[in-house]
Amino acid sequence: MKQALLAIIILAIGAAAFCALRSTSTGLRRELVMQQAAWQTQTQQLAQLYLVKQQVIERTSENKRLFAALPPLPALQQLEQKILAGDSLRNLSAAESEQLLAELGFNWNTSGDYLIVSKKSLDGIDYDGMKGVNLTKAALETLAITPEERGVIEAMTKQLNETRSTWVLEHVQRTEPSGNVLAQYSLPVDEAFSQSQMDIYTNGIFNALGQERAQWLEDHSQEWMQAVGLLAGENMSKVPKALLDTLPADAYGPKPTTMKVERYQSGDQWHLNLTLQQGGGTMTTSVNPWQPFPEAFRTLFPGGWQELAEREGFELPPEFNKKK
């Protein structure tokens, strides 16, 4: 009896295992069929893409051959295509820029007095923007400053000069001549006053000319601003910060403006020498009729070298008499 029961149990387990294996085998066959179908579909798609690729390559090669056989476009049409394609005008060559200007009517023969150039070219042109209280001719013409704009700017610089003259008369320091030193004057550092004048000037030109032209005028007025005291210290705006950090603070800080006239002998002749310390820099030159009188002290001596010599009681070199 027990043996019969054991046999039945074994047969039941075997049947269950057989059914499970059969079910698993059926699922695997079904999955394999699905994977084969997907693989065939992908293979067909890949074959189609390869065919399309070959057709594109063939058409590209044919188009290149046809384009190569065409005669080259005229230079003007090439330039038109380059501009219409969105290429920046900054990327045009010098010849292309000149050709474009010529097509627009701007060339060497457009005007006998003027030449049209790019704004970028102005960076390489050196000229003084201001002289005294007036705009220079170069600044007026280069920046196309109108009479109305000129009037506004020069009225402002004239007022600045009057304010500066009052300050100079109140703060100038005279050193008594001694030995070969015939005259010596100095102006102390007043950063607040210089900055206030600088603000008035920059605000005035930017309001009158707008951002772009005013920036050019300011860049070309650095020496003038130094000479008339708008800059209390040396202009270090174009010096890399990394280099500035390596310099001691007193190397470029504000320093008094000093004018010293000395007499020195060369052979059997006596000459005069000017030493001007201003904005952290020092200039040494001979005193002669062609050497401009220091602008910072012109308020004290409107007559220049002659008035200084009369005031301090020394004689000017013979060249001054020859000039007359």
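Each value in this text was obtained by applying a stated rule to the coordinates, not by laboratory testing. All values derive from a computational prediction rather than experimental measurement. Cβ sites come from the backbone with ideal geometry, for glycine too, and all protein chains shown count toward neighbours.
For L143, what charge total do you get from the other residues with a beta carbon under 13 Å from its beta carbon, if Lys and Arg give +1 and Asp and Glu give -1? My count for the surroundings of L143 gives -2. Each Lys or Arg adds one and each Asp or Glu subtracts one; over the other residues with Cβ under 14 Å from the Cβ of A37, this totals +1. Taking Cβ atoms as reference points and 14 Å as the exclusive limit, the residues near K131 contribute a net charge of 0, counting Lys and Arg as +1 and Asp and Glu as -1. Taken over the C-alpha atoms, segment 257-323 has Rg and Dmax values of 12.0, 36 angstrom.
Were the residues from S61 through W270 laid out at 0.36 nm apart, the gain over their Cα-Cα distance would be 66.5 nm.
Residues of segment 129-144 with an amide N closer than 11 Å to a point placed 7 Å from the Cα of T285 along the Cα-to-Cβ direction: none. Can you pull the one-decimal nm distance between simple spin-label points at V181 and T163, each 7 Å off the Cα toward Cβ? Spacing of the two 7 Å Cα→Cβ label points: 3.3 nm.
Close amide H partners of G279, meaning residues 5 or more places away or on another chain with modelled amide H under 5 Å apart, are K255.
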